[in-house]
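A.B. asks: If you scroll down you'll find the structure; I have some questions about it.
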Amino acid sequence: MPKIGRMLQLGFIHSNREKVLEGLKKKNFQDLELVDKIIASDDLRKNLQFNTEELLAKRNAASKAIGALIAEGRKEDAEAKKAEVSAIKETIDNYALQLAEVEALVDGMLVRLPNLPNERVPEGKSADDNTVIRQHGEIPQLHDGAVPHWDLITKYDLVDFQTGVKITGSGFALYKGKGAKLQRAMIQYFLDHNIAGGYTEYMPPYVVNTASAYGTGQLPDKEGQMYHMAIDDLYLIPTAEVPVTNIYRDEIIPSASLPVKMTAYTPCFRREAGSFGKDVRGLNRVHQFDKVEVVQMAEASTSYDVLEEMVLHVEKLIQSLGLPYRILLLCGGDMGFASAMTYDFEVYSAAQERWLEVSSVSNFESFQSNRMKIRTKDENGKTQLLHTLNGSSLALPRILASLLENYQTPEGILIPEVLRPYFGADMIA
RNA sequence: GGAGAUUUGUCCGAGUGGUUGAAGGAGCACGCUUGGAAAGCGUGUAAACGGGAAACUGUUUCGAGGGUUCGAAUCCCUCAGUCUCCGCCA
């Protein structure tokens with residue numbers, strides 16, 4: 001485990017034990033005893049740290065004195081002093097060892113603690129308990145003989161799953177011809193939409209180190225869900241959020257540069273073990289998919305305004321594609337590990353007759369910035385943790401699925417107006 | 001991948017074992033000066049983690065980790081980044 005710094009969260013846990021427990025319960029976190037274990041271990045840690053530092057201070061003072069004595073030529077006094085320091089050395093080493101152990105213990109427990117939900121997050125155990133904030137767009141009436149996207153994909157030769165299996169394995173799609181071009185068109189259009197919204201485009205590495213994966217909270221929580229390259233101890237990114245947020249790891253951002261708004265297109269890699277049936281059919285769930293992400297870093301006082309702004313930004317994008325969608329406020333039990341509040345966007349997939357999640361917009365408050373030490377200076381010159389936020393704008397495969405299904409006609413698949421300049425045609429026939 | 005050089009604060013840069021968290025400069029902030037600005041002068045200018053109501057104070061940090069030593073930016077080891085040459089390569 002990389003060093004992620006002594007967490008400021010500790011002070012909060014100490015003085016808000018009840019609140020922390022309450023929040024964890026809302027998030028459906030099972031291992032509630034962890035909180036008291038952390039508090040106890042941290043008390044021990046402080047104690048050890050105090051004792052250790054006291055001895056270190058003593059040693060430093062004595063060592064300085066030795067230097068002075070030697071300078072004065074009082075060799076014997078210096079030797080006597082040396083013996084004195086040597087005597088406490090063993091104790092120091094002993095303490096330091098214990099301290100390191102306890103620190104590792106505390107850190108190890110702390111990284112397993114999820115973020116607390118915002119007060120406004122509703123109670124609930126699962127996706128069934130999410131709140132629909134609003135719904136928009138007509139559910140299209142499909143013509144007779146309308147089919148799900150996996151059949152359309154075959155019919156128009158847009159994606160070749162069999163060959164993807166041959167090349168790699170199941171869940172790896174081979175986009176082809178118009179299918180590949182439509183992907184590229186969407187990526188380009190989504191990025192342009194984000195740039196117009198004030199986001200700066202980035203092309204980050206698609207592979208990250210463990211420090212980055214810890215920073216955004218993928219580790220240790222989602223260890224098994226990322227592809228790991230053992231030889232180099234690197235991870236394939238599950239989302240652009242990881243490299244993009246880590247751009248500012250260990251940085252102090254001048255307040256004049258806030259909020260930081262970034263966007264990036266990347267492929268995303270997810271192992272997603274243990275799903276089956278209609279959930280993974282066609283493009284519903286794949287191991288590698290394309291996504292355009294938006295990330296913001298904002299001052300704590302404004303982060304919930306920023307969250308709403310990001311929701312509107314994504315909403316406009318979906319609207320422009322003419323897809324029926326709804327926005328959900330996730331309940332405590334359905335939220336991600338690192339999030340304090342999450343809105344999910346779902347588009348309607350007319351032939352499957354179900355909602356598909358295409359975006360997730362979250363405020364992480366200081367959970368990620370605490371791990372990554374992303375800070376700013378306030379008016380008083382004090383360093384303050386920033387809040388980090390991110391959202392998909394958008395995840396492509398399910399958008400493609402729903403575009404194909406909703407826009408199918410007996411003559412072919414209509415391309416939404418906004419994509420036509422990028423795609424170079426108004427129909428796939 | 002091989003060989004050599006290098007890695008110091010916001011930046012440049014000094015520093016080969018003893019008040020060095022770090023000279024000097026630049027930048028930045030504040031103050032003085034000025035009709036105003038520039039120049040000039042003065043002062044200040046890292047973070048993390050502790051103790052303390054606070055003033056203040058302790059520890060750690062000179063690429064990262066380990067070691068030697070009473071004491072390390074300075075010596076040793078391992079790893080990483082950068083640069084140059086060679087090799088390989090889109």
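A.B. asks: Lys/Arg Cβ at +1, Asp/Glu Cβ at -1, dipole of region A:102-236 taken about the Cα centre: which of A:Leu158, A:Tyr206, A:Ala104 is farthest positive-ward?
C.D. replies: A:Leu158
A.B. asks: Along the Cα→Cβ direction, 7 angstrom out, place labels at A:Arg354 and A:Ala62. What is the inter-label distance in nm?
C.D. replies: 7.0
A.B. asks: Determine, from the Cβ-Cβ distance of A:Thr210 and A:Lys316 and an R0 of 30 Å, the FRET efficiency 1/(1 + (r/R0)^6), rounded to the nearest 0.05.
C.D. replies: Calculated value: 0.25.
A.B. asks: Ok, one more. Once the piece of chain linking A:Leu32 and A:Ile167 is laid out straight, how much longer is it, given 0.36 nm per residue of separation minus the C-alpha distance between them?
C.D. replies: 44.1 nm
A.B. asks: Mean projection of the alpha-carbon convex hull of region A:9-110 over all orientations, in nm²?
C.D. replies: Result: 7.5 nm².
A.B. asks: With every protein chain left in place, what is the accessible area of A:Asp232 in Å² (1.4 Å probe, nearest 10)?
C.D. replies: 110
A.B. asks: Follow-up. Helix A:33-71 versus the longest principal axis of chain A: what angle, 0 to 90°, nearest 10, using Cα atoms?
C.D. replies: 40
A.B. asks: Stretched out fully, how many nm does the piece from A:Lys89 to A:Gln225 gain, at 0.36 nm a residue minus the Cα gap?
C.D. replies: Gain in length upon complete extension: 44.4 nm.
A.B. asks: Order the peptides A:336-347, A:161-172 from the highest to the lowest mean number of other Cβ atoms within 10 Å of their residues.
C.D. replies: Highest mean packing first, the order is A:336-347, A:161-172.
A.B. asks: Note the angle between two axes, namely the Cα long axis of helix A:303-320 and the longest principal axis of the Cα atoms of chain A, as a number of degrees from 0 to 90, rounded to the nearest 10.
C.D. replies: 20
A.B. asks: As I understand it, the dipole of chain A uses +1 on the Cβ of Lys and Arg and -1 on the Cβ of Asp and Glu, about the Cα centre. Which of A:Phe269, A:Asn118, A:Val132 lies farthest toward its positive end?
C.D. replies: Toward the positive end, the furthest listed residue is A:Phe269.
A.B. asks: Per DSSP H run of at least 4 residues, take -39500 (n - 2.57); add these up for chain A, divide by its residues and hand me the 222 nm value, nearest 500 deg cm²/dmol.
C.D. replies: -13000 deg cm²/dmol
A.B. asks: Could you give the angle, 0 to 90 degrees to the nearest 10, between helix A:178-196's Cα long axis and the longest principal axis of the Cα atoms of chain A?
C.D. replies: Once rounded, one gets 60 degrees.
A.B. asks: Further, regarding this structure: Expressed in nm to one decimal, what extension gain is obtained for the pair A:Glu411 and A:Arg120 from 0.36 nm per residue of sequence separation less their Cα-Cα distance?
C.D. replies: Between A:Glu411 and A:Arg120, full extension yields an extra 100.0 nm.
A.B. asks: Would you please classify the overall shape of region A:84-176 from the alpha carbon gyration tensor, given that a ≥ b ≥ c denote the square roots of the eigenvalues, rounded means a/c under 1.5, and beyond that prolate means a/b larger than b/c while oblate covers the rest?
C.D. replies: The shape class here is oblate.
A.B. asks: Among A:Ser170, A:Pro259, A:Phe190, which residue has its Cα positioned farthest towards the positive end of the charge dipole of region A:150-305, with +1 placed on the Cβ of Lys and Arg, -1 on the Cβ of Asp and Glu, and the dipole taken about the Cα centre?
C.D. replies: With unit charges placed on the Cβ atoms, the residue in question is A:Ser170.
A.B. asks: Another question, then. For an R0 of 41 angstrom, estimate the FRET efficiency from the Cβ-Cβ distance between A:Leu44 and A:Gln135 and round to the nearest 0.05.
C.D. replies: Given R0 = 41 Å and the Cβ-Cβ separation, E is 0.20.
A.B. asks: Could you sort the peptides A:177-184, A:56-63, A:211-218 by per-residue average Cβ neighbour count (10 Å cutoff), highest mean leading?
C.D. replies: Ranked from most to least packed, the peptides come out as A:211-218, A:177-184, A:56-63.
A.B. asks: Relative contact order for region A:289-429 using alpha-carbon pairs under 8 Å, separation at least 6, rounded to a whole percent?
C.D. replies: This gives 29 percent for region A:289-429.
A.B. asks: Compute the distance in nm between two label points, each set 7 Å from the Cα along the Cα-to-Cβ direction, one at A:Gln98 and one at A:Gln188.
C.D. replies: 6.6
A.B. asks: About the Cα centre of chain A, what is the dipole size in debye to 20, counting +1 per Lys and Arg Cβ and -1 per Asp and Glu Cβ, all else neutral?
C.D. replies: Roughly 620 debye, rounded to the nearest 20.
A.B. asks: If you don't mind, another one. Could you go through region A:237-251 in sequence order and give the Karplus-derived ³J(HN,Hα) for each residue, using 6.51 cos²θ - 1.76 cosθ + 1.60 with θ = phi - 60°, rounded to whole Hz, and x for Gly and Pro?
C.D. replies: Using θ = phi - 60°, the values come out as 5, x, 6, 5, 3, 5, x, 5, 5, 6, 3, 9, 4, 6, 10 Hz.
A.B. asks: Taking amide H positions as placed in the peptide plane 1.01 Å from N, state which residues far from A:Glu365 in sequence (5 or more) or on other chains have amide H under 5 Å from it.
C.D. replies: Under 5 Å from the amide H of A:Glu365 lie the amide H atoms of A:Ala340, A:Thr388, each far enough along the sequence or on another chain.
A.B. asks: Right, here's the next one. Cβ under 9 Å from A:Gln296's Cβ, A:Gln296 left aside: what net charge do those residues give with Lys, Arg +1 and Asp, Glu -1?
C.D. replies: 0
A.B. asks: Let me ask another. For A:Lys58, list the lysines whose Cα falls under 21 Å from its own Cα; do not include residues on the same chain fewer than 8 positions away.
C.D. replies: Here the lysines satisfying the reach criterion relative to A:Lys58 are A:Lys46, A:Lys75, A:Lys81, A:Lys82, A:Lys89.
A.B. asks: At a Cα cut-off below 16 Å, give the lysines reachable from A:Lys382, other chains included and same-chain residues fewer than 8 away excluded.
C.D. replies: In chain and number order, the partners are A:Lys373.
A.B. asks: Taking the alpha carbon gyration tensor of chain A, what are the square roots of 5 times its eigenvalues, largest first, to the nearest whole Å?
C.D. replies: 52, 22, 20
The values are calculated or read from the model by the stated rules, or taken from the named source; none is laboratory data. This one's a predicted model, so the numbers in the text were calculated from it and none came from an experiment. All Cβ positions, even for glycine, are placed from backbone atoms using ideal geometry, and neighbour counts span all protein chains on display. Surface accessibility is based on the protein's heavy atoms, side chains included, excluding ligands, DNA and RNA. Shrake-Rupley method; radii C 1.70, N 1.55, O 1.52, S 1.80 Å.
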